[in-house]
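Enquirer: Mind looking over this structure? Questions follow.
We did not get these values from a lab; they are worked out from the coordinates using the rules stated. Here the structure is a predicted model, which means the values were calculated and not measured. Please note: Cβ atoms are built from the backbone with ideal geometry, for glycine as well, and neighbour counts cover all protein chains shown.
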Amino acid sequence: MALTDNAVRLAKPRAKDYTLPDYNGLALFVNTKGDKYWHFRFSWADK
């Protein structure tokens, strides 16, 4: 399920770092200080 704009804005820091998966390898990483980063996992030639 895709993340909504509202879900990204309301993502608050927790005791541990966590990720909110979006779709097809994209995820929002939220650290304990409240910083938010987009992570994208991909493979190249099945590696």
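Enquirer: So for the chain, Kirkwood radius off the Cα pairs, Stokes-Einstein at 20 °C and 1.002 mPa s: how many µm² s⁻¹?
Expert: Rounded to a whole number, D works out at 187 µm²/s.
Enquirer: The stretch 1-32: which trypsin sites (Lys or Arg not before Pro) are DSSP loop and have at most 12 other beta-carbon atoms within 10 angstrom?
Expert: Those that pass, being in a loop and sparsely packed, are Arg14, Lys16.
Enquirer: Magnitude of the Cβ-charge dipole of the chain, K/R +1 and D/E -1, about the Cα centre, nearest 20 debye?
Expert: 220 debye
Enquirer: Scan the chain for chymotrypsin sites (Phe, Trp or Tyr not before Pro) in coil per DSSP, keeping those whose Cβ has at most 11 other Cβ atoms within 10 Å, and list them by number.
Expert: Hits after loop and neighbour filter: Tyr23, Phe42, Trp44.
Enquirer: Still on this structure, I have one more. Through the Karplus equation 6.51 cos²θ - 1.76 cosθ + 1.60, θ set to phi - 60°, convert the phi angles of the stretch 26-33 into ³J(HN,Hα) values in whole Hz; use x for Gly and Pro.
Expert: Karplus values, whole Hz, x for Gly and Pro: 8, 8, 9, 9, 10, 9, 5, 8.
Enquirer: Let me ask another. Report, by chain and number, residues whose modeled amide H sits under 5 Å from the one on Asp22, excluding near sequence neighbours (fewer than 5 apart, same chain).
Expert: Ala27, Leu28
Enquirer: Going toward the positive end of the dipole of the chain, with +1 on Lys and Arg Cβ and -1 on Asp and Glu Cβ, which of Ala11, Ala45, Pro21 do you reach last?
Expert: The residue sitting most towards the positive pole is Ala11.
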